Amino acid sequence: MFCFSNGKKIVIAACFLCIAVMCFSQETPVTFKITNTKNDALSYASIIAVNRLDTTQVTSKVADSTGKVNINMLPGQYIIKVSAVGYMPLEKGITVTDKTQSLSLQLNNKSKNLDAVVVVAQKPLMRQEDDKTIIDPENLVSSSTSGFEVLEKTPGLFIDQDGNVYISSFTPATIQINGRDVRMSAADMATMLKSFPPSAIVRIEVVRTPSANQDASGSGGIVNVILKKGFKIGTTGSVTAGFQQGTYGNQFVGLNINNNDGQKSAYINVNIARRNNYEIINSERRVAVDTSLHQAANTTYPAMAYFTSYGYTKELRQKWNLDFSGNLTLNIFDNASENDNTIKQNSTNNFFSANRNRVSNEGNAFTINNGLALKKKIDSLGSEWINDIYISWSNNNTAQSYFTNYSSPFIGTNGGNGVNKHHRNLLTIKSDLKLKLKPKLTVELGAKSSFLKFHSKANFSVTDFNGANSKDDARTNTYQFNENINAAYLQASKTFGNGIVLKSGVRVENTIMKGQQIIPTDTSFNINRTDLFPYIYLSKNLMKIAGYDLRAYLVYRRSIARPVYEQLNPFPKFIDQYLSEVGNPTLRPQFIQNMEANISVDERPILAVGLNDTKDIFSQVTYPADTSTLKAFRTTDNLGKNKEWYFRALGALPPGGRYFLVAGAQYNYTIYDGFFNDAPFNFERGTWTFFTYQTFKLDNKSMWTLNGFIRLKGQQQLYEIDKFGMLNTSINRKFLKEKLIVTLSLNDVFFTNKINFSLRQPGIFASGLRYNDTRRFGLNIRYNFGMRKKEENLPLFQSEMPVNN
């Protein structure tokens, strides 16, 4: 069995292996910067380097978002080929010496209509850029009906049935939209993502260990969802429509239009969706030595979702760039659940009680997010100054009614109803300065302040068995929460001549949290603390394997996870008459130290081993609500500490061929040491997760896709989970000069996304099965339209290519 000491040895051995291999490389790092004739960076251009003396030595890479790409090359003569969508291909000959070089390559625009654009290079599904993994979700988008589904199908990400997103650890990741923290609970974030049309997502950035220029709250990593903006010259757009059908159906239709004249661009994206789903939970909880509560709950989630995103970008004078973007979501829901409850003696199977509980939640959730950024290009090396202001506002209104019909040991009805309203306001202001200094030194510094206000008010009444109404004091609640986080950071990175990149920084954050429950009792809490969060990153090109770069990374960071308003709000959310969900206003932040060693091939991560050491870990627990243990409440508490070792392996066939395969595995081993209900609570558990993504080109216009995962028996929070998984497949075909794309899909082919769970805590033992409407057949249609603006024809090649030694 895997143990703590063995895992520690593996990490140390991996670190020494990475460092030892670093000593044998004698290649010269060459930095290429790809631009157009206006000196604007060409993001994700494809570059191929061919050794003139040995044409079998071929290196192919894709430029990052700034148009830059690094290639380690032996001294000699090379042929460099560069291509990008909408630009004439470029071919140049260069000579590489033993000195570090920086070369600029400039591409000329093509003058063709939109329907004649030819994609000359396939973007990889996953690639490593610095300390983040960038995922191109194009094929995932074509078989999905919402942004939430796109994340569900992304290889290496896992979403639980409560909406939490996980990367490497069992600590949920932070979700960002366009690089900005939205600061929502998991449930609210899932609701918003389900309103996003899949075609609105242009890429997904996964940061497992965020650097010092990111918020320290990314303890479980960061998943940054980048929405599309208008970038093609001229007026273009697309119309999308689709449906999925399981037991219930989902339908959506959307329109995207963007206009770009080269100096300014504007876009708008509108989507309307109708969704429905069900969830079934069958559970058993022991309430006495020989007595158990059996529950069978069935909930449906019909909803209408309205989404629009919009933006405007303009180049200003003196190298300033203005970028305004925002989105608006409205979710109208009418959830209904039925729960059959029986209490019986296990040895005799005799019933003590039987009843049916009905709960209805009807309401809406409205969210507006707007951001304004001013960016200045300081020099041609990539130095820039970015100032950003972001405002997020949301309003959630829910009318709830609940009734219980008793059939044994007596016949009767009671219940209640009420309204719960909560408002959330978030303001974020930040300024980031990046200075590219010679020789190959980058310095970053910045400051950020965020202000979050949350207010919740609930008014409920209860109806007794005689039909009399009265105020429900237990559920009538008024709660407010304010949070202010002020941060500053300093970070520097240096590229050394032998291919080593060292980045180090520190972030300081002051946290001020104030929560106050006004009704039913006046309670409050205050947190005011200042913390330091160091960060160290080391990477090195090790060698070439079949023409591909092998690179090693070592990363360390300290981070924090702060409780969100939903975890702090003491308002009891009614599940049924036996269970409520309650926030914990005394919940403390948890602190995590993450260490990881990983290796990538051609900017694609393949191996990683790491450790998450967490103090005051957030644990979802269930407490008895009375001495009979019949009633219980579920909350979050700081029970102890946790060490989580993980190992991740990823293999892939090179993109560009007819068949493409990505397959990966991750092993998490948790050592939990806590104290619960005045007794020690310890366990050790291992969890395996396997995932894959595959595509096969049937012909030039058709592609088949397969993706899925399986998770073996393991741990999630304090719950023990049996194996479960999900397999999805789709096929798409292009028509009408590739303007029309039709996709057929089947999600959860074998209907295996069912979770058997058990909870064993001192005083609490429960088990059950949870699943929802995941097996679905779908049809998606997208039609691209518009005309690219014709531009002045320029010479195909430059006469000279600038070289900086």
### Only listed residue being open to solvent by less than 20 Å² (accessible area, probe 1.4 Å), among the hydrophobic types (A, V, I, L, M, F, W, C) and at pLDDT 85 or above, chosen from Val508, Val555
Val555
### Query
Restricting to segment 244-271, what's the tally of residues that are open to solvent by 70 Å² or more (accessible area, probe 1.4 Å) and at pLDDT 90 or above?
6
### Query
Given the structure, is Ala336 farther than 30 Å from Asn350 by Cβ, hydrophobic (A, V, I, L, M, F, W, C) and assigned to a strand (DSSP E or B)?
yes
### Message
Tell me whether segment 640-651 contains one or more residues that are more than 25 Å from Thr154 (Cα to Cα), open to solvent by 60 Å² or more (accessible area, probe 1.4 Å) and not hydrophobic (A, V, I, L, M, F, W, C).
### Response
yes
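Okay, residues lined up against (1) over 30 Å from Val30 (Cα atoms); (2) assigned to a strand (DSSP E or B); (3) open to solvent by less than 10 Å² (accessible area, probe 1.4 Å):
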residue	(1), (2), (3)
Val501	no, yes, no
Phe525	yes, yes, no
Ile536	no, yes, no
Lys540	no, yes, yes
Pro563	yes, no, yes
### Message
Every residue in segment 157-214 that is farther than 25 Å from Ile755 by Cα, among the polar types (S, T, N, Q) and not in a helix (DSSP H, G or I), please.
### Response
Gln176, Asn178, Thr209, Ser211, Asn213, Gln214
### Message
Take the conditions under 21 Å from Gly311 (Cβ atoms) and among the polar types (S, T, N, Q) and apply them to Ser392. Does it pass?
### Response
yes
### The lone exception for Leu426 - which of (1) under 21 Å from Ala458 (Cα atoms); (2) touching a residue at least 60 places away in the same chain (Cβ under 8 Å); (3) among the aliphatic types (A, V, I, L, M) it fails
(1)
### Query
Looking at Asn327, is it under 21 Å from Ala373 (Cα atoms), buried (at least 17 other Cβ atoms within 10 Å of the Cβ) and of a type in the set (S, T, N, Q)?
yes
### Message
Just to check your reading of the model, which residue among Thr636, Thr622, Thr614 is in contact with a helix residue (DSSP H, G or I) (Cβ under 7 Å, 6 or more places away or on another chain) and in contact (Cβ under 8 Å) with a residue 12 or more places away in the chain?
### Response
Thr636
### Message
Checking the structure you have, find out if any residue of segment 277-288 is crowded, with 16+ Cβ neighbours inside 10 Å and either touching a helix residue (DSSP H, G or I) at 6+ places or on another chain (Cβ under 8 Å) or outside any strand (DSSP E or B) (or both).
### Response
yes
### Query
Would you call Ala487 buried (at least 19 other Cβ atoms within 10 Å of the Cβ) and farther than 30 Å from Gly412 by Cβ?
yes
### Message
Can you tell me which residue is surrounded by the fewest Cβ atoms within 10 Å (Cβ to Cβ) among those in segment 171-191 that are under 13 Å from the mean Cα position of the chain (by Cα) and under 20 Å from Met304 (Cα atoms)?
### Response
Ala186
### Task
May I ask you to verify whether Met513 is in contact with an Asp or Glu (Cβ under 7 Å, 6 or more places away or on another chain), in a strand (DSSP E or B) and either over 21 Å from Arg208 (Cβ atoms) or of a type in the set (Asp, Glu) (or both)?
yes
### Summary
Per the list (1) within 19 Å of Gly610 (Cα to Cα); (2) hydrophobic (A, V, I, L, M, F, W, C); (3) more than 22 Å from the chain's Cα centre (by Cα), residue check on Leu568 breaks on (1)
### Message
Against the conditions (1) in contact (Cβ under 8 Å) with a residue 60 or more places away in the chain; (2) among the hydroxyl-bearing types (Ser, Thr, Tyr); (3) over 26 Å from Asp613 (Cβ atoms), where does Thr521 fall short? Just the number, please.
### Response
(1)
### Task
Please enumerate the residues belonging to segment 297-350 that are within 33 Å of the chain's Cα centre (by Cα) and of a type in the set (D, E, K, R).
Lys314, Glu315, Lys319, Asp323, Asp334, Glu338
### Query
So which residues in segment 592-624 are out of contact with any Pro (no Cβ under 9 Å at 6 or more places or on another chain) and open to solvent by 30 Å² or more (accessible area, probe 1.4 Å), if there are any at all?
Gln593, Met595, Val601, Ile606, Leu607, Lys615, Gln620, Tyr623, Pro624
### Query
For residues in segment 701-714 being in a strand (DSSP E or B), open to solvent by 10 Å² or more (accessible area, probe 1.4 Å) and out of contact with any helix residue (DSSP H, G or I) (no Cβ under 8 Å at 6 or more places or on another chain), which is nearest to Pro762 (Cα to Cα)?
Arg711
### Task
Would you check which residues across segment 715-766 are within 30 Å of Gln251 (Cα to Cα), open to solvent by 40 Å² or more (accessible area, probe 1.4 Å) and not in a strand (DSSP E or B) and list them?
Leu736, Lys737, Glu738, Lys739, Phe750, Phe751, Thr752, Lys754
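The values are calculated or read from the model by the stated rules, or taken from the named source; none is laboratory data. Here the structure is a predicted model, which means the values were calculated and not measured. Methodologically, a virtual Cβ is constructed for each residue, glycine included, from the backbone with ideal geometry; neighbour enumeration extends over all protein chains shown. Note: areas computed on protein heavy atoms with side chains; ligands, DNA, RNA excluded. Shrake-Rupley method; radii C 1.70, N 1.55, O 1.52, S 1.80 Å.
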